[in-house]
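One structure is given here, and the rest of the page talks about it.
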Amino acid sequence: MSGGATGPERKLIDTCVHCGFCLPACPTYQLSANEAESPRGRIDLMRRHSDGAIQLDSDFVGHIDSCLGCMACVKACPSGVDYETLIVEARSMIQSSFRRPGRQRLVRKAIFAVMPYPVRMRPLVRLGSLAKRLGAERVAPRLSNGGVAATFASALALLPRMTSSSAPARGRLYAASSPRRGTVGLLTGCVSAVVFGSTEQAAVDVLRAEGFDVLVPAGQGCCGALAEHSGESPLAARLARKLVARLDREQVDAWITTSAGCGSTLKSYDRLLPGEASAAKFSGRVRDIHEFLHQQGLRADYKPLGIRIAYHPACHLANAQGIVDEPLALLRAIPGCEVLLPGQSGTCCGSAGIYNLIEPATAEALGTAKASAIAELRPDVVAAGNPGCLLQIARYSDPGLASAHPVELLARSLAAATASGEA
Amino acid sequence: MSGAPNQGPAILAPASSAEASQMLGSFEPGQNVRIKGESPAPDVGLATIVCANLHGYEHSPADQTLVAAAGERLGAIEGMLAEHGQRIPAFPLTARERNMTLGAWLASGADTAAAQRYGRFRESMIGAEFILADGTRAHSGGRVIKNVAGYDLAKLMAGSLGALAFVTAASLRLYPLPRRAARVTVEAEIPRAVALVDQAHRAGIELATCEWGGGQLEIGVEGPSAAVEAALRKIADLLDRTVGQLELSEGDQGSPALASRLAEERESFAGTIVKVGTRLSGVAGLHQAIVSRGLAERGVRLHSHLAVGIHYLGVPAGDGLDGEVDAILRSMRLAGQRIAPTAPADGTIFLGRRPGGLATMRRLLDSFDPQGRLVSPMRTSIITETEMPG
Amino acid sequence: MPIASRSGRMEEFKRRVVELVPQGECIIGDAAALSSYGSDGLIRFRQTPEVVVLAKSAGEIHSAVKLCAELGIPFVGRGSGTGLSGGAVPPPDGVVIAASAMKGILEIDPVDRIAVVEPGVANLVVSERTAPFGLYYAPDPSSQSVCSIGGNVAENSGGAHCLKYGFTTNHVLAIEVVLPDGSVEVLGGESPFEPGLDLRSSFLGSEGTLGIVTKVWLRLLSRPEAVRTLVADFDSAESAGAAVSAIIAAGIVPAAIEMMDALAIEACEKAVGAGYSLDAAAALIVEVDGPREEVDALYEEVKSACVSCGTTKIREAADQAERSRIWLGRKAAFAAAGRLAPAYIVQDGVVPRTALASILGRIAELADDAGLRVANVFHAGDGNLHPLVLYNPDSPEESEAAERVASEIVELCVEIGGSITGEHGVGLEKACSMAAMFDSGDLEAMQRLRIAFDAQGIANPGKVFPTPRLCGDTPGRYRAHPLELSGEAIRF
């Protein structure tokens, strides 16, 4: 890849004609109305930097940092600008050439020292959840006005009160429970593996019921998405290479992910590892679970649930992967469900990878707005295809609102008693 | 040339822009002139420049545009365009209006029932050629219907009562004559008339004209025959009648009968005509105030291009009615303008709330005509209002 | 007390504006952000402002302008920054006063059919918010999802549907403005009739040179009962042009008639996949709207006009979704040109609509001579052309040739009785071309208007009017036509 110390390629920058069609799509511009907080503004900053007209200083970095990476602008752009590559490469340039203030550096270091590694993440999450039950949340914000403690407070607020313990066992092949249609592998990821074990279990249940053998390889680790989206390209490339090496020899028809954020990176390892054939081949087999199930067509017997579902289209699903209709179609396949979209459904919830940890103010504004748009629908459950979104929405929603990955609802529907249609 | 500027009061009737420019340019400092459509009765002490001798037009039927010299008469323009199946956005015209020059018509800022469909006449002015008080020749806009080059001074000339410049030609957007036009008259006092307009809007009826006066509402619809038919059915539904029961009339030019009658009534009205704009629903309050204060009984009349919110108050002369109408307008925050007679005793044509931008209007007069050569009730009124305290 | 040095005054401005504007966070001073306010939608022009005031209220705009007036500091108002003539490029040593955060809809009256909005509201938002009442705001610039009502007022914006419905000036009842001397006035009224001189009309389309709009009263229309849209393909631009004339000659005023040539079709198709025919030499999008029976009758006539002029294929929009897709393609046309070439100039000129086919031929000749490609998108119904001159910015020769072709095209428009701009405005880009359309008397009359609003000349200086600094000491002089000199023709 280019980027690195030099920043995005000039040719890529110049595909932006500054028309401004991205402005209404961009959550940070909608909040701030500041040109520099918009996609074309950020691209213009990259252009000006490449011209040598502005410095790589903390102001510049601040405007690039504030991007959620939600890619809503990509959908709005009539010129087909590859904003994802631009922002990733600008961030990569910042990480390699800009010395952040000590506190920021520490925060990022802490995040990337823990998050990609389930082994480190798991005990911390357990501890955090326990602390939360004991009321630490009320104390944490007072600890500090910034830095690591503030990040800790943000992270704490996101944690569910109970961690999930029902993740499928690693290193096993779960056999299809219906006439067999193929073999898939489940990508278990890092954060998701710790906090969202139940989603993984649901994915296994649904895939089996749909006639797939499901392989859950052990020792997968992080896919590198969080690191890539934050400009930590070398780290991301390292993680990606490791994952590909680990999974390269497994014989599966498709690799399934339940995380939209991971999916968009998993599908573009050729950008992270250019020229590495095994990486491109791996990426070519990655499918988001909604995409996969919809492509294959549902055959299992889904029973009525009788609930109102608010569906939040995760940015990395809808914008980065163009998976818009599939999740809705799957949810609507559950008899007796009402599936609703909140107002401004295309706007990011503010989760955006590690964004809610490093830009808490913007994340809070977006999270609050999203939660209230969802609350207006008076749903029984909010569904989203990305774990980060679910944590973020839950944080700003009424504690009584249940949240679930769509595949969990499918699994519940499968398990529901035929007659009662319990909710 | 009918007179020389240096020899005291005279009628100047230039036959070309160049001549007009030269006439105005050769005025001595301190000499005043007023702009008119045509020669008035001799008026001692004031030179008058008239546009009646400025002739010529260029009609581009396929482009639906007309450039006409200011001396062309509206009736002649109307007739010429009708032969091409086109019209200017001003109808119905009274006999007096047909005989008016385009220049005088523009300067007056007059409205007709056509405002409902096409907006005020100014909306269709796509260019103007004019001479400033010092003889400077200028134009703005052009002959194409879409054009944003430079300031839109053409629309500024409309309704300026000759206070800014001597308009020598105007460029207009034209419209096809409707294939069929019909109008329905209903007895309806103002509150019901306003409600009917709202219902018509909601029913998807496109009103071509919408006139109110003397307790009657007249709705015009235009278009292909089937569309007119359908609109009439909808109107009948609103009125709980069948189409056959409608008080209906049709005319090839779509000239609304009530509109003509009301316009003629205004022309022969013995008193002042005050023009005022409101929101659609605002006219109900205005009408209510006139009735409740007993002004209707004392002869104050209301006419209205109802749905566009342009109204006329006929105020009989004498009896202090002017002051009462002024008070009503003020209390309702409505701005009115005397349109006839235009030179009242107290020196201002404005009634009620002062129009916005008076200070800028004053500066504009000073900038366009720094020596104050052009005598106009608009100028007098703006100066009077800006020099009055509060 | 005037402060002698320019930089001293700016320092004072920066110091005092923070006190005047209650929320300090709306002053943008960081170098990176300031740089991003250097251009509007036309990136060829750039000037970094000294300060950006991101106003949250009319009061803040008022305070900022008053301070500019007191210190003699030039300013420019800015909405969404989507203008295409450099109109919102900051004046040198100037201040940007942005209304992008003022997005409130203050009133919607469904009976009187009026919306009162703040200037930062996006055009399309007005229609979205009034849709529940069956109403909409008619002017629809291609950038309507982004561009602000305040910017529309400044530019007197048009759009595809202005053939039938008119321009911004026909739909704005009144505006509250802060004049360059710091005073606030409401121009116009709640009805199209307001006594006095019609300053509203002058302000509309004045491109920020008369002040900043802080509140707008908009006229709303009923959503048409029926809309029908077709795309008609033709094997030549001439026959497409003939179809336009035939439709108009039949006395039909369609809601819109758009024309695209083969290159433009290709660009739009690549960008949004609107389903246009890639093998057509030209295509018309014709839309008829209004009461159902009227639409049905006129739509059939439009179709037969296209057939009699030799259309090779008519695609009829079956439903709203298809109609949206057809328009999505057209509205993305400018930005989509980026798919054809690394750089392009969007030109905006007007000719009498009967001259459309002939100017297309002339544009093709100009392009051939320069060895460039030109894609054409027209609002054909009103003669407004948007040639997109494609070039490679890495080649200085091509860049220069593109600029030359673009300006030759507008000169051609003026030559055949048209205008240098139909909707993008003069701005910085065409200030020097004004002399092709207006002579010294015309420009003087306009200056007299400007002075009445802005005696100090601090509102968006350097725009619209040719200046020696911009255009050299000898801007092109207007040459009178012999017919005009002889009195046989009237000049426009």
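The values are calculated or read from the model by the stated rules, or taken from the named source; none is laboratory data. A quick note: this is a predicted structure, and the numbers were derived from the prediction, not measured. Glycine gets a Cβ as well: all are built from the backbone with ideal geometry, and neighbour counts include every protein chain shown. Accessible surface is based on the protein model in full, side chains and every heavy atom, while ligands, DNA and RNA are left aside. Shrake-Rupley method; radii C 1.70, N 1.55, O 1.52, S 1.80 Å.
Under the rule of -39500 (n - 2.57) per DSSP H run of 4 or more residues, summed and divided by the residues of chain B, what mean residue ellipticity at 222 nm is obtained, to the nearest 500 deg cm²/dmol? Display every interim value, and only then the final one.
Values: 13 runs with 120 residues, N = 390.
The helix contribution divided over chain B gives -9000 deg cm²/dmol.
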Subject >> Label zone at residue C:106 (point 7 Å along Cα-to-Cβ), backbone N below 12 Å, the range C:176-209 >> reply: C:176-178, C:185-187
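Length gain on complete extension for the stretch residue C:364 to residue C:318, per 0.36 nm per residue less the alpha carbon to alpha carbon distance?
Values: separation 46, 0.36 × 46 = 16.56 nm, distance 3.45 nm.
Answer, rounded to one decimal: 13.1 nm.
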**OP:** Given the options B:359, B:90, B:154, state which has the largest fluctuation in a GNM of chain B using a 10 Å cut-off (strictly under) for Cα springs.
**Re:** B:359
Original post:
If you keep only loop residues by DSSP, which trypsin sites (Lys or Arg not before Pro) in the range A:1-103 have at most 15 other Cβ atoms within 10 Å of their Cβ?
Top reply: A:99
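Ignoring ligands, DNA and RNA, what percent of the 1.4 Å accessible area of chain A is carbon and sulfur? Please list the in-between numbers first.
Working: 8730 of 16280 Å².
Ligands and nucleic acids excluded, carbon and sulfur reach 54 percent.
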Subject >> Label-zone membership for the range A:377-417, site residue A:298, 7 angstrom Cα→C-beta point, backbone N under 13 Å >> reply: A:406-416
Original post:
Interface B/C, total buried accessible area with a 1.4 Å probe, nearest 100 Å²?
Top reply: 7100 Å²
Subject >> Where labels lie 7 Å past Cα in the beta-carbon direction, separation of residue C:470 and residue A:341 in nm >> reply: 4.4 nm
Original post:
Say R0 is 35 Å: what FRET efficiency, to the nearest 0.05, do residue B:288 and residue B:237 get from their beta-carbon distance?
Top reply: 0.80
Subject >> Carbon plus sulfur fraction of accessible area for chain C, probe 1.4 Å, in percent >> reply: 52 percent
Original post:
Sorted by accessible area with a 1.4 angstrom probe, largest first, how do A:265, B:342 fall?
Top reply: B:342, A:265
Subject >> Loop sites in the range A:201-290: trypsin sites (Lys or Arg not before Pro), DSSP, at most 12 other Cβ within 10 Å >> reply: A:249
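Let a ≥ b ≥ c be the square roots of the eigenvalues of the Cα gyration tensor of the range A:261-356; is it rounded (a/c under 1.5), or, if not, prolate (a/b larger than b/c) or oblate? Walk me through the numbers before you get to the answer.
Numbers: a/c = 3.42, a/b = 1.51, b/c = 2.26.
Oblate is the answer for the range A:261-356, as a/c is 1.5 or above yet b/c matches or exceeds a/b.
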**OP:** With the full set of protein chains in place, find how many percent of the accessible area of chain B is carbon and sulfur; take the probe as 1.4 Å.
**Re:** 51 percent
Original post:
Which residues of the range C:282-324 show a drop of at least 40 Å² in accessible area when all protein chains are present, compared with their chain alone (probe radius 1.4 Å, heavy atoms only, ligands and nucleic acids excluded)?
Top reply: C:291, C:293, C:294
Subject >> Cysteines not pairable in chain C (beta carbon separation under 4.7 Å absent) >> reply: C:26, C:68, C:147, C:162, C:268, C:306, C:309, C:413
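If Lys and Arg each add +1 and Asp and Glu each add -1, what is the summed charge of the other residues whose beta carbon sits under 15 Å from the beta carbon of residue A:378? List each step's numbers first, then the result.
Numbers: positive: A:308; negative: A:338, A:376, A:380, A:398.
Once positives and negatives cancel, what remains is -3.
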Original post:
Most mobile of A:319, A:356, A:34 per a Gaussian network model of chain A (Cα springs, under 10 Å)?
Top reply: A:34
Subject >> Virtual spin-label span in nm between residue A:372 and residue B:187, 7 Å along Cα→Cβ >> reply: 5.4 nm
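So, R0 is 51 Å and r is the distance between the beta-carbons of residue B:195 and residue C:447; what FRET efficiency does that work out to, to 0.05?
Values: r = 49 Å, r/R0 = 0.97.
Efficiency at R0 = 51 Å is approximately 0.55.
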Original post:
If contacts are Cα pairs under 8 angstrom and at least 6 residues apart, what is the relative contact order of the range B:295-389 in percent?
Top reply: 20 percent
Original post:
When chain B is modelled as a GNM with alpha-carbon springs shorter than 10 Å, which of B:104, B:231, B:113 fluctuates the most?
Top reply: B:231
Original post:
Hey, rough spin-label estimate for residue C:70 and residue A:126, points 7 angstrom out along Cα→Cβ, what's it come to in nanometres?
Top reply: 6.6 nm
Original post:
Per the helix-only calculation at 222 nm, which mean residue ellipticity applies to chain C, given -39500 (n - 2.57) for every DSSP H run of n ≥ 4 and division by its residues, nearest 500 deg cm²/dmol?
Top reply: -10500 deg cm²/dmol
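By Kyte-Doolittle mean hydropathy of at least -0.5 and Cα axial length of at least 24 Å, which whole DSSP H helices of chain A are selected?
Helix filter hits for chain A: none.
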Original post:
Which whole-number percentage describes the relative contact order of chain A, with Cα contacts under 8 Å and a sequence gap of 6 or more?
Top reply: 15 percent
**OP:** Alpha carbons only, please: Rg and Dmax for the range B:152-303, in angstrom.
**Re:** 18.0, 53
Original post:
Using a 1.4 Å probe on protein heavy atoms only, how many Å² of accessible area do A and C hide from each other, summed over both chains and rounded to 100?
Top reply: 2300 Å²
Original post:
Which Rg and Dmax, in Å, describe the Cα atoms of chain A?
Top reply: 20.9, 70
Original post:
Which loop GluC sites (Glu not before Pro) in the range B:55-119, with loop taken from DSSP, have no more than 16 other Cβ atoms within 10 angstrom of their Cβ?
Top reply: B:83
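Per-residue ellipticity at 222 nm for chain A, helices alone: DSSP H runs ≥ 4 residues times -39500 (n - 2.57), over residue total, nearest 500 deg cm²/dmol? Let's see the in-between values first.
Values: 24 runs with 214 residues, N = 423.
So the calculated ellipticity at 222 nm is -14000 deg cm²/dmol.
Accessible area per residue for the range C:225-336 in Å², computed with a 1.4 Å probe and the full protein assembly in place, what is it? Don't skip to the answer; put the middle values down first.
Working: 3720 Å² over 112 residues.
So the range C:225-336 comes to 33 Å² accessible per residue, rounded to a whole number.
Please compute one quarter of the surface area of the Cα convex hull for the range B:1-133 and express it in square nanometres. Before the final figure, lay out the partial values.
On the way: hull surface 34.5 nm².
Mean orientational projected area (the range B:1-133, Cα hull): 8.6 nm².
Provide the net charge surrounding residue B:295, with neighbours chosen by a C-beta distance below 14 Å and charges set as Lys +1, Arg +1, Asp -1, Glu -1. Walk me through the intermediate numbers first.
Numbers: positive: B:293, B:298, B:301; negative: B:297, B:319, B:322, B:324, B:326.
With Lys, Arg at +1 and Asp, Glu at -1, the net is -2.
Could you calculate the FRET efficiency of residue A:113 with residue A:181 from 1/(1 + (r/R0)^6), where r is the beta carbon distance between them and R0 is 51 Å, rounded to 0.05?
On the way: r = 41 Å, r/R0 = 0.81.
With a Förster radius of 51 Å, E is 0.80.
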